[in-house]
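Participant: After the structure tokens below, expect a handful of questions from me.
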Amino acid sequence: MRPETPRSRRERGPKGRAVDDAALADVRALLGTRERRRDLLIEHLHLIQDKYGCLEARHLRALAEEMRLSQAEVYEVASFYDHFDVVKEGEPRPAPVTIRVCESISCMIAGSDELIEKLSAGVDPSKVRVVRAACVGRCAGAPAARVGDREVDNATVEGLLGDLRERRTDAVIPKYTGLAEYRLAGGYQLYEQVRSGSVRIESIIETLQASGLRGLGGAGFPPGKKWQFVRSYKGPRLMSINGDEGEPGTFKDRWFLERDPHRTLEGALIAAHCVEAERIYFYMRNEYPAVLEILRREIAALEAAGIAPRGFIELRRGAGAYICGEESAMIESIEGKRGLPRNRPPYIAEVGIFGRPTLNQNVETLWWIRDILEKGADWFAEQGREGHPGPRSWSVSGRVKKPGVVQAPAGVTVRELINDYCGGMLDGHAFTAYLPGGASGGILPASMGDIPLDFGGELAKIGSFVGSHAVVVFSDRDDVKGAVVNLLKFFRHESCGQCTPCREGTDKMVTLLEAKGALDEAALRDLETVMRDASICGLGQAAPNPVNHLLTLFKKGS
Amino acid sequence: MTEHIVFKLDGKEVAANPGETIWDVAKREGNRIPHLCHVDLPGYRVDGNCRACMVEVKGERVLTASCIRRPTKGMEVSTQSERAAKSRKMVFELLASNMRPRDEGPDNQAAFWKWAESMGIAGSDRYASKFDARDHGHGHHEATHDVSNPAIAVNLDACISCGACVRACREVQVNDVIGMGLRGSHAVPVFDIHDPMGLSTCVTCGECVQACPTGALYEKSLMDKTATQRAVQKFDKVVNTLCPFCGVGCQTSVAVKDNRIVQVDGRNGYANENRLCVKGRFGFDYVASPERLTKPLVRRDDAPRNVDCTKPYAERFDVFREATWEEALARAGAGLKKILDERGGKALSGFGSAKGSNEEAYLFQKLVRTGFETNNVDHCTRLCHASSVAALMEGIGSGAVSAPFNAAMDAECIIVIGARPTVNHPVAATFFKQAAKRGAKLIVMDPRGQDLMRHATHALRFKPGSDVALLNSLLHTIITEELYDADYIREHVSGFEALKAKVKDFSPEAMAEVVGVEASVLRDVARIYATSKASIVFWGMGISQHTHGTDNARCLIALALITGQIGRPGTGLHPLRGQNNVQGASDAGLIPMYFPDYKSVEKLDIRGWYENFWGQTLDPKRGLTVVEIMDAVHAGEITGMYIMGENPAMSDPDQDHARDALAKLEHLVVQDIFLTETAWYADVILPASAHAEKLGTFTNTNRQVQMGRPALALPGDARQDWELIVELARRIGLDWKYRHVSDVYTEMAATMPSLKNISWERIDREDSVIYPAKAPDLPGEEIAFTDGFPTSDGRGKIVPADLLPPDELPDTEFPLVLTTGRLLEHWHTGSMTRRAGVLDAIEPVGIAAMNPRDMHKRGLHQGDRITVETRRGVLEAILRPDREVAEGMVFMPFCFAESPANRLTNPKLDPFGKIPEFKYCAARVEKAREAATAAAG
């Protein structure tokens, strides 16, 4: 039956959009025997988006009916995430193929604007849609793009058009260490020992504490301490793995998972055991189709091998929202909602997923756990500098000869990273400035290139931080203000919009930065103040960092 | 005492109660911290998103939102610090920068502007509006300005994305229409899938308007024609009164300007906690309709008795002429007196109204009993819950609810059967939905689907008419699985053994086919109801309006009695009463078999008491009921009637029969505010008072006696109803002297033990008192029957019920089942709501609804003009596809004069409650000839 369009108000049906039987049948077929739980809403939206290339209103209406949600509950989630395309009645559907070109900072300085412009001119918009994308985590291969699910480094118009012509749109799975290989090298033996009780939980936590391991998602909170906190709250408890690596310039988590995913999974199982978590939610960003496929395969392999019970590790797919890297926003997203950070207290260790005590750890943090427990706390700590224990994985991009993930000690300086790890600056480029910690950590001049990079310390004193260890290197060919505008536009796009300071502050900062004439410093400073002091989460609090540095460290004549 | 949290607030040591936020404590200390997203009203969750209430906590890196932050011991909070003040001010500047200037915005008196003004902020000259950048210029754009809803204007350029409207819609009213769509600076409240408000599932309850701190969502009634700016700046007065519509009895505050109602808000009454529905909030302008009767009318001598009662008001002088009050009252009284003198009281009857006050109801029945000397007095309760009341009186000795609907919040299991509270009792439904959200098991049983089923743990769409089979199968399960409460039965119940024998053959397995619900589901429901700590049952007309309506109610009573799910918090039996004062009118004796408080007219001692109290002999026999009266008119036994505020020409079953009866009367006096279909048959029409113009008490479905106060002056020569009853009484020879409405109340209360300790003054002072009350200074008792029942032996009596099919089953000639009911926007016969601009704009035309699959099978389409026909008659209506209507059924609301569903309904009565079978008759549907063209009418 075709839904009928009323000719007038008098002839309408019951209030609002009627359920269309055909659309309902589509949705039921897609969902199959999957549970209709509310927390699976985003997963279900993905099923529809994947199959139909968009979310038509009739399908959203049908999904609401099927999940016993209201239309608004479905729409507000669908419209929050970049990777969902809501199409209402009478609106055109998106073209069958989407090319996403990253426009974030590393890709911008590598020429993404020009690429997007030329690409858009070179395709038939009815067949191909070119979309500007926030950081896709391939900054070492800038400019990066994605044709369908195929991730492309050092993208060129010709190359992308070639992929299109040849219909190369599927994810490319890199070679990685699978379960069998991992086990051959001793993998999961430690977990077995932990699970059997032959390694005591207390001693695990002690070792982690002694190693100096910090949370490597950006905040640097020591995992051992976190586990103790979580354990102190009454169960049942849950755990999440934060794989929503979205900080511009950061790609280390992808790097680890595309090479050795089981090291993270084993770490996660150990952590879950230690806090007695009943389930692990692995939240992986949708920008990484290859990683998602690897995780699907390897979690299934773990279940098949009897290492993890079926359903114990639940893979959840993000949908294009940087804010979901913020742990409480990620939890909201896991619950199937908009990714809005929560007010704290309470912290998620006490009130997390579904209101339960929750342990949340970053991919890389978990990746180190097996090695630390097997090789000892000292082995780990000694890989750092004096006063900066442990190795760190630096995502280095920008104007260096050999960008990529480099293992270097905590406390290393940017100058060392450039010269000793990344083959120096690109020919013809002179080092002028850098981001020590992605978009949020601020922007520093080359004159500050000898500051030891670590959590807190000297960086903190100048209103900066190392965060996810994403180092973007600028040269004399780059415009610092242009970089700052790019960063602020990123924050404006990624602000969840919940709290006034961040929602309005990021928007108005961009407007003020782009205004003609001299910068209105007082207006910018007032924005900075309210954003730092009054935003709900770290996004709004840190977003003014680059602006602050622009105003203080890059003053003309200073 | 030890639980208090001691902390420092601006240097002063203060104590917080557990759960209190910093904002709460500050408020208690007399410090109102600015707030926008925090709606300081019951039911609103704090969200902490707008950041207008930031305070500084010593030792913390960032500020904290005081509305959501709970203090901890020893915390040092500064609300006054420069840093906190700076952030708060910035928040207001940022938000103001996006808006139009205060006096050009939708509400210059909005909370937002009051707070902004207190900080010296009127806008921003350094931050541009985000709408400027987006829309290239100032003004009102399609994207930000939505006036598609007839009552509410959306001005998104005043929106601060605080989500108060989302919480209002989702958490308080639980209508789930508004969400927050998009992200970042585009984040915006949306209706459904970002639809225009007027095309969405919005039910126009207006809760969002009441919650919005900026006027981004605002009443059109207070705005200019373009609905962009506030136009009404000052009210002449604001009156605390009641909603005139359903039995929920919402308390309202009514704002008046130039003797017109311009705004209605909810008050924090027990029954509504500030909430209202579309009727209560936006259906107020019927009182100012140009069709209000303002002068007495008498029938022209040359007018035929049998007129077309659907004629337009403009043609009234074809049939009537205006008269003075003296002439009209003299004629009205003389006509009645003549019949009384010639034929005796048996030839007279009166229909009172469940819309009038208790005082009016009391006077009306007293007039009929003492003036007409008959018990032929009834009202529309007969058409609503007469069967429920019959079963309740028989079973537990009282016709009132055993617990208020608020008790749902204390229940673990809530059964709603044969009722559509989201449509007919919308504010009561908010309590059910909230309870379900909080984890109560909600079991909804109805042949038609409904909104409430989305919130239900169990939704049983059983076959129409199979109520007894369904309920007996539940009783069977409870008994055979021994889930009943043997102790309770031993203490308080009689008739258990007979029930046991009766339901022996009603196993869910045997009934599944009859009922159309799987046996396992029936068993599950029975177990949940019986074993929950507290279970409560709500029912409506779907139970009562059947020839087996009393049996249906008996089964529900049996469920409660054998499980002991009555008499405790969260348990009970609650027939949802339809009209605002149907409880009160029944209590006041507006029924043929009872004096006030359900005292039988046929009991000698009781009648003796009343004869003594009223000072004359009284009719010793029970009177006739509504439908029986119409039959008696046809039989020539009744020739005179006085009808006050009722519209039997629309509300009675087999309408043509009822209308013929009215036309057959020798003398008919109608007292109303409109020229209703009934009034067209009158000899004399007395223009009377609307709810908004009268003072009096009203009793809601919860047994709350509440004070209604006049907001408006009477229009033209219209007079107060109670005064008109007194005038008529005097003209038929009664010596009545009442100086004030309160005199009537006091006399009435003297006859009613249920109103003991509830004086007029007390109601006026407290606005609402639930009965019974143990003392003048003690609150009334919400939960009745905590220890036995007011029956002769103190026990609840089970009356087993047998399976009885509906009176008229579908056959080849009439293959469909017609069922009738109401729409959210229209009240009863539509005489008020169809004259309310907003309500009639939303539902402007007579419809019949069918399942789209049935339509498809018959080649019918949305909007087609169809004929619906039964053995009683035929009518035309506009066809509406509605998936909630079961296949094989047609649903029609009975409010539309142009498609009067009661022309079709079956007048066959339930033998006990004398209620007609409105919910079931055989019908057929065809496409009307000359379709489409007529649809424009």
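Participant: Among B:R61, B:R88, B:R45, which is farther than 21 Å from B:L217 by Cβ, at pLDDT 95 or above and part of a loop (DSSP other than H, G, I, E, B)? Give the derivation first.
Facilitator: Details: B:R88 fails: part of a loop (DSSP other than H, G, I, E, B); B:R45 fails: farther than 21 Å from B:L217 by Cβ.
None of the others qualify; the one that does is B:R61.
Participant: Just to be sure, is A:S397 in a strand (DSSP E or B) and surrounded by fewer than 24 Cβ atoms within 10 Å (Cβ to Cβ)?
Facilitator: Numbers: in a strand (DSSP E or B): yes; surrounded by fewer than 24 Cβ atoms within 10 Å (Cβ to Cβ): no.
When the stated conditions are applied, A:S397 does not pass them.
Participant: Among the listed residues A:C102, A:C54, which satisfies the condition of being within 19 Å of the chain's Cα centre (by Cα), more than 17 Å from B:D192 (Cα to Cα) and open to solvent by less than 10 Å² (accessible area, probe 1.4 Å)?
Facilitator: Numbers: A:C54 fails: within 19 Å of the chain's Cα centre (by Cα).
The match here is A:C102.
Participant: Within the range B:259-275, does at least one residue satisfy the condition of being open to solvent by 20 Å² or more (accessible area, probe 1.4 Å) and acidic (D, E)?
Facilitator: yes
Participant: Would you say A:K508 is over 20 Å from the mean Cα position of the chain (by Cα) and at pLDDT 95 or above?
Facilitator: Working: over 20 Å from the mean Cα position of the chain (by Cα): yes; at pLDDT 95 or above: yes.
Considered against the rule, which asks whether it is over 20 Å from the mean Cα position of the chain (by Cα) and at pLDDT 95 or above, A:K508 comes out as yes.
Participant: Residue check: is B:T214 open to solvent by less than 10 Å² (accessible area, probe 1.4 Å), modelled with pLDDT of 95 or more and of a type outside the set (A, V, I, L, M)? Explain how you work it out, then say what you get.
Facilitator: Numbers: open to solvent by less than 10 Å² (accessible area, probe 1.4 Å): yes; modelled with pLDDT of 95 or more: yes; of a type outside the set (A, V, I, L, M): yes.
Yes.
Participant: Anything in the range A:513-544 that is in a loop (DSSP other than H, G, I, E, B) and open to solvent by less than 10 Å² (accessible area, probe 1.4 Å)? List them, or say none.
Facilitator: Across the range A:513-544, the qualifying residues are A:S535, A:A543, A:P544.
Participant: For B:G120, all conditions in the list (1) more than 10 Å from every other protein chain (Cβ to nearest Cβ); (2) in a loop (DSSP other than H, G, I, E, B); (3) surrounded by 14 or more Cβ atoms within 10 Å (Cβ to Cβ) hold save one; what is the number of the exception?
Facilitator: Condition (3) is where B:G120 drops out.
Participant: Among helices (runs of 4 or more DSSP H) lying entirely in the range A:48-166, which contain 1 or more residues that are within 13 Å of another protein chain (Cβ to nearest Cβ)? Outline the logic, then answer.
Facilitator: Working: elements: A:57-67, A:71-78, A:105-109, A:112-122, A:157-165.
The qualifying helices (runs of 4 or more DSSP H) are A:57-67, A:71-78.
Participant: Does the range B:302-339 hold any residues that are over 23 Å from B:D656 (Cα atoms) and either open to solvent by less than 20 Å² (accessible area, probe 1.4 Å) or hydroxyl-bearing (S, T, Y) (or both), and which are they?
Facilitator: Once the filter is applied, which keeps residues that are over 23 Å from B:D656 (Cα atoms) and either open to solvent by less than 20 Å² (accessible area, probe 1.4 Å) or hydroxyl-bearing (S, T, Y) (or both), the range B:302-339 yields B:A323, B:T324, B:A328, B:L329, B:A332, B:G333, B:G335, B:L336, B:I339.
Participant: Listed residues B:Q210, B:Q173; which is more than 26 Å from B:A231 (Cα to Cα), in contact (Cβ under 8 Å) with a residue 24 or more places away in the chain, touching a helix residue (DSSP H, G or I) at 6+ places or on another chain (Cβ under 9 Å) and more than 9 Å from every other protein chain (Cβ to nearest Cβ)?
Facilitator: B:Q173
Participant: Inside the range B:345-438, counting only helices (runs of 4 or more DSSP H) that do not spill past its ends, which hold 1 or more residues that are buried (at least 24 other Cβ atoms within 10 Å of the Cβ) and either hydrophobic (A, V, I, L, M, F, W, C) or on the phi > 0 side of the Ramachandran plot (or both)? Break it down stepwise before answering.
Facilitator: Values: elements: B:358-366, B:381-384, B:386-396, B:421-424, B:426-437.
Hits in the range B:345-438: B:358-366, B:381-384, B:386-396, B:426-437.
Participant: Looking at (1) β-branched (V, I, T); (2) in contact (Cβ under 8 Å) with a residue 40 or more places away in the chain; (3) in contact with a Leu (Cβ under 7 Å, 6 or more places away or on another chain), which one does A:V27 not meet, given that it meets all the others?
Facilitator: Against the list (1) β-branched (V, I, T); (2) in contact (Cβ under 8 Å) with a residue 40 or more places away in the chain; (3) in contact with a Leu (Cβ under 7 Å, 6 or more places away or on another chain), A:V27 comes up short only on (2).
Participant: Could you list, in sequence order, the residues of the range A:471-506 that are part of a helix (DSSP H, G or I) and among the charged types (D, E, K, R)? Full working, then the answer.
Facilitator: Of all residues in the range A:471-506, those part of a helix (DSSP H, G or I) come to A:480-494, A:500-506.
Those that are part of a helix (DSSP H, G or I) and among the charged types (D, E, K, R): A:K481, A:K489, A:R492, A:E494, A:R503, A:E504.
Participant: Of the numbered conditions (1) of a type in the set (D, E); (2) buried (at least 23 other Cβ atoms within 10 Å of the Cβ); (3) closer than 28 Å to B:I758 by Cα, B:E723 fails exactly one; give the number of that condition.
Facilitator: The single condition B:E723 does not satisfy is (2).
Participant: Further, regarding this structure: B:R88 versus (1) open to solvent by 60 Å² or more (accessible area, probe 1.4 Å); (2) without any contact (Cβ under 8 Å) to a residue 60 or more places away in the chain: which is the lone unmet condition?
Facilitator: Answer for B:R88: the failing condition is (1).
Participant: Okay, next question. Name every residue in the range A:457-471 that is over 17 Å from the mean Cα position of the chain (by Cα) and either more than 13 Å from chain B (Cβ to nearest Cβ) or hydrophobic (A, V, I, L, M, F, W, C) (or both), in order of residue number. Quick ask: steps written out before the conclusion?
Facilitator: As a first pass, look at the range A:457-471 and keep what is over 17 Å from the mean Cα position of the chain (by Cα): A:457-465.
The answer is A:G457, A:E458, A:L459, A:A460, A:K461, A:I462, A:S464, A:F465.
Participant: Looking at the range B:827-868 only, could you name the residues that are closer than 19 Å to B:C202 by Cβ, open to solvent by 10 Å² or more (accessible area, probe 1.4 Å) and in contact (Cβ under 8 Å) with a residue 60 or more places away in the chain?
Facilitator: B:G837, B:V838, B:A841, B:I842
Participant: Still on this structure, I have one more. Scanning for something modelled with pLDDT of 95 or more, within 10 Å of chain B (Cβ to nearest Cβ) and within 30 Å of A:I418 (Cβ to Cβ), does the range A:475-491 turn up at least one residue? Even if it seems obvious, please write down each step before you answer.
Facilitator: Step one: list which residues in the range A:475-491 are modelled with pLDDT of 95 or more, which gives A:475-491.
Right, trim to within 10 Å of chain B (Cβ to nearest Cβ) and you get A:491.
From what is left, the residues that are within 30 Å of A:I418 (Cβ to Cβ) are A:491.
Among the residues of the range A:475-491, at least one is modelled with pLDDT of 95 or more, within 10 Å of chain B (Cβ to nearest Cβ) and within 30 Å of A:I418 (Cβ to Cβ), which makes the answer yes.
Participant: Looking only at the range B:213-236, filter to residues that are farther than 20 Å from B:L41 by Cβ and small (G, A, S); which one of those is nearest to the other protein chains (Cβ to nearest Cβ)?
Facilitator: B:A227
Participant: Let me ask something else. Out of all the residues in the range B:276-289, which are open to solvent by 20 Å² or more (accessible area, probe 1.4 Å) and either under 14 Å from B:N240 (Cα atoms) or in contact with a strand residue (DSSP E or B) (Cβ under 6 Å, 6 or more places away or on another chain) (or both)?
Facilitator: Scanning the range B:276-289 gives B:F284, B:A288.
Participant: Please report, ordered by residue number, the helices (runs of 4 or more DSSP H) entirely within the range B:548-662 with at least 1 residues that are of a type outside the set (A, V, I, L, M), in contact with a helix residue (DSSP H, G or I) (Cβ under 7 Å, 6 or more places away or on another chain) and buried (at least 19 other Cβ atoms within 10 Å of the Cβ). First the steps, then the outcome.
Facilitator: On the way: elements: B:549-563, B:582-587, B:604-614, B:626-634, B:648-651.
The helices (runs of 4 or more DSSP H) meeting that bar are B:549-563, B:582-587, B:648-651.
Participant: Mind listing whichever residues of the range A:132-147 are surrounded by 19 or more Cβ atoms within 10 Å (Cβ to Cβ) and more than 18 Å from A:S397 (Cα to Cα)?
Facilitator: Step one: filter the range A:132-147 for residues surrounded by 19 or more Cβ atoms within 10 Å (Cβ to Cβ), giving A:133-147.
Result: A:R146, A:V147.
Table: residues versus (1) open to solvent by less than 30 Å² (accessible area, probe 1.4 Å); (2) out of contact with any helix residue (DSSP H, G or I) (no Cβ under 8 Å at 6 or more places or on another chain); (3) of a type outside the set (D, E, K, R).
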residue: B:Y771; (1), (2), (3): yes, no, yes
residue: B:R795; (1), (2), (3): no, no, no
residue: B:I798; (1), (2), (3): yes, no, yes
residue: B:D811; (1), (2), (3): no, yes, no
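Participant: Would you confirm whether or not the range B:669-690 contains a residue that is of a type in the set (D, E) and assigned to a helix (DSSP H, G or I)?
Facilitator: Taking the range B:669-690 and keeping what is of a type in the set (D, E), we get B:672, B:677, B:683.
After this cut, where a residue has to be assigned to a helix (DSSP H, G or I) as well, the list is none.
Taking every residue of the range B:669-690 in turn, none turns out to be of a type in the set (D, E) and assigned to a helix (DSSP H, G or I).
Participant: If a residue must be farther than 13 Å from A:I536 by Cα, polar (S, T, N, Q) and at the interface with chain A (Cβ under 10 Å from one of its Cβ atoms), how many such residues does the range B:45-84 contain?
Facilitator: 1
Participant: Looking only at the range A:494-538, which residues are more than 8 Å from chain B (Cβ to nearest Cβ) and within 18 Å of B:M54 (Cα to Cα)?
Facilitator: A:C502, A:E528, A:M531, A:C537, A:G538
The values are calculated or read from the model by the stated rules, or taken from the named source; none is laboratory data. As the structure is a computational prediction, the values presented were derived from the model and not from experiment. We place every Cβ from the backbone using ideal geometry, glycine too, and count neighbours over all the protein chains shown. The accessibility values were calculated without ligands, DNA or RNA, using every heavy atom of the protein model including side chains. Shrake-Rupley method; radii C 1.70, N 1.55, O 1.52, S 1.80 Å.
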